[in-house]
Structures are given as structure tokens and as C-alpha cells.
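> Structure below; questions to follow.
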Amino acid sequence: MGGADKLFRQACSKPLLYWSLLAFENSPLVDEIVVVLNKTNITPGRKMISKEGFCKVRAIVHGGMRRQDSVVHGLAHVSGRIVLIHDGARPMVSLDLIRAVAEGAQRHGACIPAVAVTDTIKTELNGFVSRTMPRTDLRAVQTPQAFSTELLRMAYQHFTSEATDDAQVVEISGAKVSLTEGSYDNIKVTTPSDLELVRTLIRKRGGVK
């Protein structure tokens, strides 16, 4: 994104963070929202949340050096039995997906959304193909990821390495993580072309529903 903070890039006259928060604000299953931002975004984040009237936001906290550190900072402010952790750069999260992962976590303790991989995936070694992965076994994982709050806290207490998502931390702790169907619209904004696609999807939806 050319060094710009993507959470505050505009999509249909609102920052991406607005669209992510709106879905959780509108979900009847969500009681409270904890927003984790880097220090430079705390002030603009507070202003936007106040302006838009997101009444479920209970805390706005500083992130950490790593993604997992930011999650731990946010967990310290969570009071519910089930916690959903979402990447603010996925603004097209739907109410149905929030419900699916929340209900999955209530049943199994942990639930994450995933979609079937449509591309052929190969591993590389020294500039050459090492292996072609069996596509039928592969899933692209998304957020929100939902967990028993106690389970996730305990998993992080004993975790000392690096993780790419919270489900990995729970997996390493020995707990099972269930899967639910994700959405191909639930993209993570990484490039300018992703941002253009999100703008199109927002206009098509008329907002998050």
C-alpha cells in the first residue's frame, strides 16, 4: 500500500476500519468490542469511533511489536466467554460469518473460517519447484477467528515462538480447531487493487449486511 496505513484508507468515504467495526457493532451476538491499534493510530481511531457512534467499543488499546503481542494486549480487556479476533484489513466480514464462527467456538472451543484454495500451490527450493501440494487438502484461512476466551488465554500463556494466526497458537497448545465455511468476498486488503475490489463490493452490498 505504498507505506500508507491501510486501516485508514478510504473505501466509499469511510476508512476500512469503519467497515470492519460496523459488522461487529451490528451483530446481536457481539456484546463488546476491543480495538487494538498502533500508537500513531490511537487518536484518529478514537475520533472515528466517537464520530460514528460505535457504542459497543469498550476499549482502544496499544498494539505490540508483533501481531500476537497485540492480541494479548487486547485479550486483557475482554470480559466475555467467547472472543472473536478479526483483522481490521478485512472490511467485508458479514453478520453470517460472525455468527458461524461464534457458534462454532461455543460448540468446539475454537472455530475459524476457511475457503478452498483455487490456485495450484507449489513449494520452492533454491529457485525450483520442490513439490506440488494436493489442492484438495488445502484451505485459505480468514478471520474472524473465534475461541473460548479461557482457552485462548491459556494457549498464549505457554506460547513462546512466532505465530501467523491465533489458531496456530491454539493448535500448538494441543486443542482442536474446527473449520467453518468462509467467504471469497472476505478478502484482506494488501494491495491497491484489493482496495478497489473492496470499494466495488461495498457499493454492491450497499454497506455491510
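The values are calculated or read from the model by the stated rules, or taken from the named source; none is laboratory data. In this text, all values refer to a predicted model and were calculated from it rather than measured experimentally. Cβ sites come from the backbone with ideal geometry, for glycine too, and all protein chains shown count toward neighbours.
> Would you mind stating whether VAL169 is assigned to a helix (DSSP H, G or I), within 18 Å of VAL71 (Cα to Cα) and modelled with pLDDT of 95 or more?
Details: assigned to a helix (DSSP H, G or I): yes; within 18 Å of VAL71 (Cα to Cα): yes; modelled with pLDDT of 95 or more: yes.
Spelling it out, VAL169 is indeed assigned to a helix (DSSP H, G or I), within 18 Å of VAL71 (Cα to Cα) and modelled with pLDDT of 95 or more.
> Between a residue in the stretch 121-134 that is without any contact (Cβ under 8 Å) to a residue 12 or more places away in the chain and any residue that is in a loop (DSSP other than H, G, I, E, B), which pairs come within a Cβ distance under 8 Å, given they are 6 or more apart or on different chains?
These pairs meet every condition: LYS122/MET133; THR123/MET133.
> Could you count how many residues in the stretch 18-65 are in a helix (DSSP H, G or I), surrounded by 14 or more Cβ atoms within 10 Å (Cβ to Cβ) and either of a type in the set (Gly, Ala, Ser) or at positive phi (or both)? Quick ask: steps written out before the conclusion?
Step one: of the stretch 18-65, the residues in a helix (DSSP H, G or I) are 18-26, 39-52.
Imposing the further condition that a residue be surrounded by 14 or more Cβ atoms within 10 Å (Cβ to Cβ) reduces the set to 18-26, 41-42, 44-46, 48-49, 52.
Within this subset, residues satisfying the condition of being either of a type in the set (Gly, Ala, Ser) or at positive phi (or both) are 20, 23, 45.
Count: 3.
Per-residue answers, yes or no, for (1) touching a Gly at 6+ places or on another chain (Cβ under 8 Å); (2) within 22 Å of SER94 (Cα to Cα):
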{"residue": "ARG139", "(1), (2)": "no, yes"}
{"residue": "ALA146", "(1), (2)": "yes, yes"}
{"residue": "MET154", "(1), (2)": "no, no"}
{"residue": "THR160", "(1), (2)": "no, no"}
{"residue": "ASP166", "(1), (2)": "no, yes"}
{"residue": "GLU171", "(1), (2)": "no, no"}
{"residue": "GLY182", "(1), (2)": "no, yes"}
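> Restricting the stretch 133-166 to residues that are of a type in the set (Asp, Glu) and modelled with pLDDT of 95 or more, which is surrounded by the most Cβ atoms within 10 Å (Cβ to Cβ)? Walk me through it before giving the result.
Of all residues in the stretch 133-166, those of a type in the set (Asp, Glu) come to 137, 150, 162, 165-166.
Cutting the leftovers down to modelled with pLDDT of 95 or more gives us 150, 165-166.
Numbers: GLU150: 12, ASP165: 19, ASP166: 26.
Applying the filter and picking the extreme gives ASP166.
> Could you check the stretch 138-164 and list, in sequence order, the residues that are in a helix (DSSP H, G or I) and over 21 Å from ALA114 (Cβ atoms)? Before the answer, list the steps.
In the first step, residues of the stretch 138-164 are kept if they are in a helix (DSSP H, G or I); the result is 149-157.
Hits for the stretch 138-164 are THR149, GLU150, ARG153, MET154, TYR156, GLN157.
> Checking SER94 against (1) among the hydroxyl-bearing types (Ser, Thr, Tyr); (2) under 21 Å from THR190 (Cβ atoms); (3) surrounded by fewer than 16 Cβ atoms within 10 Å (Cβ to Cβ): exactly one of these is not met. Which one?
(3)
> Restricting to the stretch 45-77, give me the number of residues that are within 15 Å of GLN145 (Cα to Cα) and among the β-branched types (Val, Ile, Thr).
Result for the stretch 45-77: 2.
> Being over 29 Å from ARG9 (Cβ atoms) and either part of a helix (DSSP H, G or I) or among the hydroxyl-bearing types (Ser, Thr, Tyr) (or both), is that true of even one residue in the stretch 183-192?
Our first condition is that a residue be over 29 Å from ARG9 (Cβ atoms); within the stretch 183-192, this holds for none.
Taking every residue of the stretch 183-192 in turn, none turns out to be over 29 Å from ARG9 (Cβ atoms) and either part of a helix (DSSP H, G or I) or among the hydroxyl-bearing types (Ser, Thr, Tyr) (or both).
So that you can scan it fast, the table gives a plain yes or no per residue for (1) over 17 Å from the mean Cα position of the chain (by Cα); (2) at pLDDT below 95; (3) hydrophobic (A, V, I, L, M, F, W, C):
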{"residue": "ARG46", "(1), (2), (3)": "yes, no, no"}
{"residue": "ALA59", "(1), (2), (3)": "yes, no, yes"}
{"residue": "GLY80", "(1), (2), (3)": "yes, no, no"}
{"residue": "LEU84", "(1), (2), (3)": "no, no, yes"}
{"residue": "ARG99", "(1), (2), (3)": "no, no, no"}
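> Please count how many residues of the stretch 66-88 are surrounded by 14 or more Cβ atoms within 10 Å (Cβ to Cβ) and of a type in the set (Ser, Thr, Tyr).
1
> Which ones in the stretch 1-54 are among the basic types (Lys, Arg) and over 25 Å from LEU197 (Cα atoms)?
First, the residues of the stretch 1-54 that are among the basic types (Lys, Arg): 6, 9, 14, 39, 46-47, 51.
Residues satisfying the conditions are LYS39, ARG46, LYS47, LYS51.
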